[in-house]
1. Rounded to the nearest 0.05, what FRET efficiency do Leu16 and Arg68 have when you use their Cβ-Cβ distance and R0 = 30 Å?
2. Enter the accessible area per residue of the chain (Å², integer; probe 1.4 Å; all protein chains in place).
3. Step through the residues of the range 42-56 one at a time and calculate ³J(HN,Hα) from phi using the Karplus curve (6.51 cos²θ - 1.76 cosθ + 1.60, θ = phi - 60°), rounding each to whole Hz and writing x for Gly and Pro.
4. State the answer as a single residue: which of Gly67, Val91, Ser37 lies farthest towards the positive end of the charge dipole of the chain, with beta carbon charges of +1 for Lys and Arg and -1 for Asp and Glu, about the Cα centre.
5. Calculated from DSSP H runs of 4 or more alone, at -39500 (n - 2.57) each and per residue, what is the 222 nm mean residue ellipticity of the chain, nearest 500?
6. Would you work out the charge dipole size for the chain about its Cα centre, treating the Cβ of every Lys and Arg as +1 and the Cβ of every Asp and Glu as -1, and quote it to the nearest 20 debye?
7. If you restrict to DSSP beta bridges whose two residues both lie in the chain, what percentage is antiparallel, to the nearest 5?
8. Please tell me the relative contact order of the range 1-75 in percent, rounded to the nearest whole number, where contacts are Cα pairs under 8 Å and at least six residues apart.
Amino acid sequence: EGGRIEHSELEYGEGLIMVGQEEPAGAPPRFGRRMLSPLSAGGNTQGLMLYVDDVDAHCARARAAGGRITYEPKVSDYGEDYWVDKSYQCVDPEGHAWWFCERVRG
């Protein structure tokens, strides 16, 4: 209603994540507290990292959909005894920062 996104659902495998916009100014708090976006709160309000099958393709889709890529896809090697990931960070229109990774070596 009125162009507002009440919530969106992101499915990954059997998991489901719900994301929504902040309440409009003057609206009663939901669940006992006001829900603010990072833009209104003055900083990031969450940290989330998800693994995807193809981080480059995922990044391209996020960029095409209007996401602001703040950390381009890059390989990080955590050493012979650990793992290698390729990851990027995207900021959505509400200001939430998302990390997406692909396991290169386990």
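1. Once rounded, the FRET efficiency stands at 0.75.
2. That works out to 70 Å² per residue.
3. x, x, 5, 10, 7, x, 9, 10, 10, 8, 10, 6, 9, 5, 5
4. Ser37
5. -3500 deg cm²/dmol
6. Charge dipole of the chain: 400 debye, to the nearest 20.
7. 85
8. 15
The values are calculated or read from the model by the stated rules, or taken from the named source; none is laboratory data. Because the structure is predicted, anything quoted here is derived from the model rather than measured. Quick reminder, even Gly has a Cβ in these numbers, built from the backbone with ideal geometry, and neighbours come from all protein chains shown. Surface accessibility is based on the protein's heavy atoms, side chains included, excluding ligands, DNA and RNA. Shrake-Rupley method; radii C 1.70, N 1.55, O 1.52, S 1.80 Å.
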